[in-house]
1. Yes or no: region 55-69 includes at least one residue that is modelled with pLDDT of 95 or more, touching a strand residue (DSSP E or B) at 6+ places or on another chain (Cβ under 7 Å) and hydroxyl-bearing (Ser, Thr, Tyr).
2. Pick from Gly119, Gly161: which is buried (at least 19 other Cβ atoms within 10 Å of the Cβ) and at pLDDT below 85?
3. Across region 78-111, which residue is nearest to the chain's Cα centre (by Cα) among those that are closer than 23 Å to Met174 by Cβ and open to solvent by 60 Å² or more (accessible area, probe 1.4 Å)?
4. Does region 117-128 contain at least one residue that is farther than 27 Å from Met174 by Cβ and of a type in the set (Phe, Trp, Tyr)?
5. So, in region 51-77, how many residues would count as being open to solvent by 50 Å² or more (accessible area, probe 1.4 Å) and either among the basic types (Lys, Arg) or part of a helix (DSSP H, G or I) (or both)?
6. Please go through region 52-76 and pick out each residue that is small (Gly, Ala, Ser), touching a helix residue (DSSP H, G or I) at 6+ places or on another chain (Cβ under 7 Å) and on the phi < 0 side of the Ramachandran plot.
7. Report every pair of residues separated by at least 6 positions or lying on different chains whose Cβ atoms are under 8 Å apart, first residue within region 53-76 and touching a residue at least 40 places away in the same chain (Cβ under 8 Å), second open to solvent by less than 60 Å² (accessible area, probe 1.4 Å) and of a type in the set (Ser, Thr, Tyr).
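The values are calculated or read from the model by the stated rules, or taken from the named source; none is laboratory data. If you're wondering where the values come from, they're calculated on a predicted model, not measured in any experiment. Positions of Cβ are generated from backbone atoms using ideal geometry, with glycine treated the same way; all protein chains shown enter the neighbour counts. Note: accessible area is taken over every heavy atom of the protein model, side chains too, but ligands, DNA and RNA are not part of it. Shrake-Rupley method; radii C 1.70, N 1.55, O 1.52, S 1.80 Å.
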Amino acid sequence: ILIFSLYGSFIVRMEGDGNEIARLLELSRAYKASKCLNLAGKLRVFSICDASPSGLTCSELSSALGLCQDTGFRGVADFLDLLVSLHTLERTGEGPNAKYAVHPRNRKFLVEGSDEYMGGILALNNDRSSVLFNHLEDALRNGQVSASSVPEISHTFSQEGDEAGGAGHFALGMLGASLGNFKALA
């Protein structure tokens, strides 16, 4: 039996221990999806896509985001396609003319200006939380993480012209990350 995983690869489900192997492989690769989602939030991929009602091509997104525009480099297209496999973006068409748009069910969480926007927490996870996990082995061996290995929080949310070090952007992200709990308590 073939099952399409969340990360765009096929996993063969087998009897007995094969299922456990497939599950462990899926867990081993989960960081890829997490890193791409968090980075997309930090880069504002979803907000930029949403600003164009007809969607944007990979080239247009690369230009808007300041990413590599070398036609021989397929990393940006792979990044966007992984976001499609996570159902955060939708793609229409194929090749260089394919258009990317925000998946409708996630728009309220991923596009700036929404009451439920959570992009700030994605940026925080990208710049601070995942960095801490990059030093997990050292921390477990030595009992501490070097403070120099974790960027200052003010750098995580700094935006040009933002004298508060991105505090407002961070607050919006934290609000979005907490809304589910607030709704459950209401």
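1. yes
2. Values: Gly161 fails: buried (at least 19 other Cβ atoms within 10 Å of the Cβ).
Selected residue: Gly119, the only one of Gly119, Gly161 that is buried (at least 19 other Cβ atoms within 10 Å of the Cβ) and at pLDDT below 85.
3. Going through the qualifying residues, I end up with Phe109.
4. The answer is no, given that none of the residues of region 117-128 is farther than 27 Å from Met174 by Cβ and of a type in the set (Phe, Trp, Tyr).
5. Adding up the residues that qualify gives 5.
6. Of everything in region 52-76, those that are small (Gly, Ala, Ser), touching a helix residue (DSSP H, G or I) at 6+ places or on another chain (Cβ under 7 Å) and on the phi < 0 side of the Ramachandran plot turn out to be Ser59, Ser62, Ala64.
7. Gly55/Tyr100; Leu56/Tyr100; Thr57/Tyr100; Cys58/Tyr100
Listed here are the residues, each with its yes/no results for (1) of a type in the set (S, T, N, Q); (2) more than 25 Å from Lys183 (Cβ to Cβ); (3) modelled with pLDDT of 95 or more.
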position: Phe46; (1), (2), (3): no, no, yes
position: Thr88; (1), (2), (3): yes, no, yes
position: Glu112; (1), (2), (3): no, no, no
position: Arg128; (1), (2), (3): no, yes, no
